[in-house]
Amino acid sequence: MNILLVEDDLDFGNGIRVALTDQGMTVVWVRRVTEALAALHNATHEIVLLDLGLPDGDGITMLKRLRRDHETLPVLIMTARDALSDRLLGLDSGADDYLVKPFALAELLSRVRALARRSYGYQGETLEVRGLALHDPTMRVTVGGNPIELSRSEYLLLSALLKRADRVLTRRVLEDQVLQGGPGESNALEVHISNLRRKIGDGYIRTVRGVGYVIDKSAARSAS
């Protein structure tokens, strides 16, 4: 899961970054509105954790702009502003959740996971598209109820594609943010995709030539 953390306090931000990274999440941490907007433009993020008091602007203003450009991107506000009017303003401006500082890291992690499940369309802790099911807590994958053995890289690729079903993921996003491959591994993505198709069956992963790959929710659109 790719998280954009927008927090100007060094100690607080580093603590959150470490906690999320320890849970296997990828965290991009910025401290200013301008840096956050640039990060949203240059990469794909799945959740935004947003402080309201930032050095170069107010988080609410950024949130309103973010909602215009990224309508469905989940946003969790983290702030010391605990008045009811502040909570209502944050939620009415487009935040999906509102967490008042100080808070326990365990609560933040729980809320992040809950936002992710709602965003991806999980039923409980399982995400399923046309009989292909992924259970994140156990990294278990089944097709038609039959378990499939995947390598870690194959699982991460499948997870990324399933969580963004009906959205094309570019080669660059998959290589940089999922496989994190280096020079000399230019064919690694194709190898993993080929192995995934062999294991889960044809008809799930569709190639968008010159762009990347997608898993379609509708079987009518899907083709290898």
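A few points about this structure:
- Stokes-Einstein D (µm²/s) once Rh is taken as the Kirkwood radius of region 33-104 over alpha-carbon pairs, at 37 °C in 0.692 mPa s: 265 µm²/s
- Counted charge near Gly53, where neighbours are those whose Cβ lies closer than 12 Å (Asp, Glu -1; Lys, Arg +1): -3
- A 1.4 Å probe over all protein chains sorts Glu154, Glu128 by accessible area into Glu128, Glu154, starting with the largest.
- Accessible surface of the chain, 1.4 Å probe, proportion on carbon and sulfur as whole %: 48 percent
- Thr26 accessible area, assembled protein chains, probe 1.4 Å, Å²: 50 Å²
- Within the chain, antiparallel bridges make up roughly 55 percent of the DSSP beta bridges whose residues both belong there.
- From its DSSP helices (H runs of at least four residues, each -39,500 (n - 2.57)), the chain gives a residue-normalised ellipticity at 222 nm of -11500 deg cm²/dmol.
- Between 0 and 90°, nearest 10: helix 152-163 axis offset from the chain longest Cα axis: 70 degrees
- Its residues counted as N, region 1-140 yields a C-alpha radius of gyration over 2.2 N^0.38 Å of 1.05.
- Amide hydrogen proximity for Val75: with H placed 1.01 Å from N in the peptide plane, the residues at 5 or more positions away or on another chain lying under 5 Å are Val48, Asp96, Asp97.
- Accessible surface, per residue, of region 1-154 when the full set of protein chains is kept, probe 1.4 Å, Å²: 50 Å²
- Net charge in the neighbourhood of Tyr213 (other residues with Cβ under 11 Å of its Cβ; Lys, Arg +1, Asp, Glu -1) is +4.
- Radius of gyration, Dmax [region 56-203; alpha carbons; angstrom]: 18.8, 55
- Note on exposure: His41, His135 ranked by accessible area (1.4 Å probe, complete protein assembly) read His41, His135, with the most exposed listed first.
The values are calculated or read from the model by the stated rules, or taken from the named source; none is laboratory data. Every value quoted in this text rests on a predicted model; they were computed, and no experiment measured them. Glycine also receives a Cβ, built like all others from the backbone with ideal geometry; neighbour counts cover every protein chain displayed. Ligands, DNA and RNA are excluded from the accessible area calculation, which covers all protein heavy atoms including side chains. Shrake-Rupley method; radii C 1.70, N 1.55, O 1.52, S 1.80 Å.
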